[in-house]
Amino acid sequence: MAFDYGARRIGVAVGQALTGTASPAGTVEVRAGEPDWAGIERVAREWSPARLVVGLPYNMDGTETVLTPACRAFGAELSRRLALPVEFVDERLTSAAATADLREARRSGARARRVRREDIDAHAARHILETWLRGAAERTGRQA
């Protein structure tokens, strides 16, 4: 299960290592800087993940953004609350890739409704998880 942490919303995606694929699973709200932990725990119970992946935002030059420390803190609290290992993945350009994917789906007719920010966040989490899954496959010598 992967998370695209944001100041207003957290995108969520689920996937499996066997196929190396991921799917968006929605978003949870962040209010006054506090994630909806009950919502996160509900999603985790529904999907029963073995591992959690959190995207870490970096600037294009590799330096940390103002949100990077908050993402690390979110990952630590996520691990504590769900008692699961958390890994971090560089999330540069995942929101741009998600936006492009969704807009192309809309242009092609595969998607009927307009692209919302919530959709972008969930699809960015999908990109984060697929990045981690590719890396996991490479580490174990399997094809993803």
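What about ALA105, is it exposed (fewer than 13 other Cβ atoms within 10 Å of the Cβ), at pLDDT below 95 and of a type in the set (A, V, I, L, M, F, W, C)? It would help to see each step written out before you state the result.
Details: exposed (fewer than 13 other Cβ atoms within 10 Å of the Cβ): no; at pLDDT below 95: yes; of a type in the set (A, V, I, L, M, F, W, C): yes.
When the stated conditions are applied, ALA105 does not pass them.
With the structure loaded, tell me whether TRP37 is among the hydrophobic types (A, V, I, L, M, F, W, C), surrounded by fewer than 16 Cβ atoms within 10 Å (Cβ to Cβ) and in contact with an Asp or Glu (Cβ under 9 Å, 6 or more places away or on another chain) or whether it fails that test. Steps first, please.
Working: among the hydrophobic types (A, V, I, L, M, F, W, C): yes; surrounded by fewer than 16 Cβ atoms within 10 Å (Cβ to Cβ): yes; in contact with an Asp or Glu (Cβ under 9 Å, 6 or more places away or on another chain): yes.
Against the criterion (among the hydrophobic types (A, V, I, L, M, F, W, C), surrounded by fewer than 16 Cβ atoms within 10 Å (Cβ to Cβ) and in contact with an Asp or Glu (Cβ under 9 Å, 6 or more places away or on another chain)), TRP37 qualifies.
Please determine, by comparing only the residues of region 1-15 that are surrounded by fewer than 23 Cβ atoms within 10 Å (Cβ to Cβ) and hydrophobic (A, V, I, L, M, F, W, C), which one is nearest to VAL28 (Cα to Cα).
So, considering only residues that are surrounded by fewer than 23 Cβ atoms within 10 Å (Cβ to Cβ) and hydrophobic (A, V, I, L, M, F, W, C), the one nearest to VAL28 (Cα to Cα) is ALA7.
Which one of these is out of contact with any Pro (no Cβ under 8 Å at 6 or more places or on another chain), modelled with pLDDT of 85 or more and exposed (fewer than 15 other Cβ atoms within 10 Å of the Cβ): ARG113, ARG139, ARG117? Lay out the reasoning, then the answer.
On the way: ARG113 fails: modelled with pLDDT of 85 or more; ARG139 fails: modelled with pLDDT of 85 or more.
Every option except ARG117 fails the conditions.
Residue check, THR19 against (1) in a loop (DSSP other than H, G, I, E, B); (2) at positive phi; (3) not aliphatic (A, V, I, L, M), all met but one. Which one?
(2)
Within region 17-38, can you find the residues that are without any contact (Cβ under 8 Å) to a residue 24 or more places away in the chain and within 15 Å of the chain's Cα centre (by Cα)?
VAL28, GLU29
Somewhere in region 91-100, is a residue aliphatic (A, V, I, L, M), surrounded by fewer than 16 Cβ atoms within 10 Å (Cβ to Cβ), at pLDDT 95 or above and out of contact with any Gly (no Cβ under 6 Å at 6 or more places or on another chain)?
Checked region 91-100: no residue is aliphatic (A, V, I, L, M), surrounded by fewer than 16 Cβ atoms within 10 Å (Cβ to Cβ), at pLDDT 95 or above and out of contact with any Gly (no Cβ under 6 Å at 6 or more places or on another chain).
Could you name every one of the helices (runs of 4 or more DSSP H) located completely within region 25-144 that has at least 2 residues being among the aromatic types (Phe, Trp, Tyr)? Steps first, please.
Details: elements: 37-47, 68-82, 94-108, 117-140.
It comes to 37-47.
The values are calculated or read from the model by the stated rules, or taken from the named source; none is laboratory data. What you see is a predicted model, and the numbers here were worked out from it, not measured in a lab. No Cβ is skipped: glycine too gets one built from the backbone with ideal geometry, and neighbour counts run over all protein chains shown.
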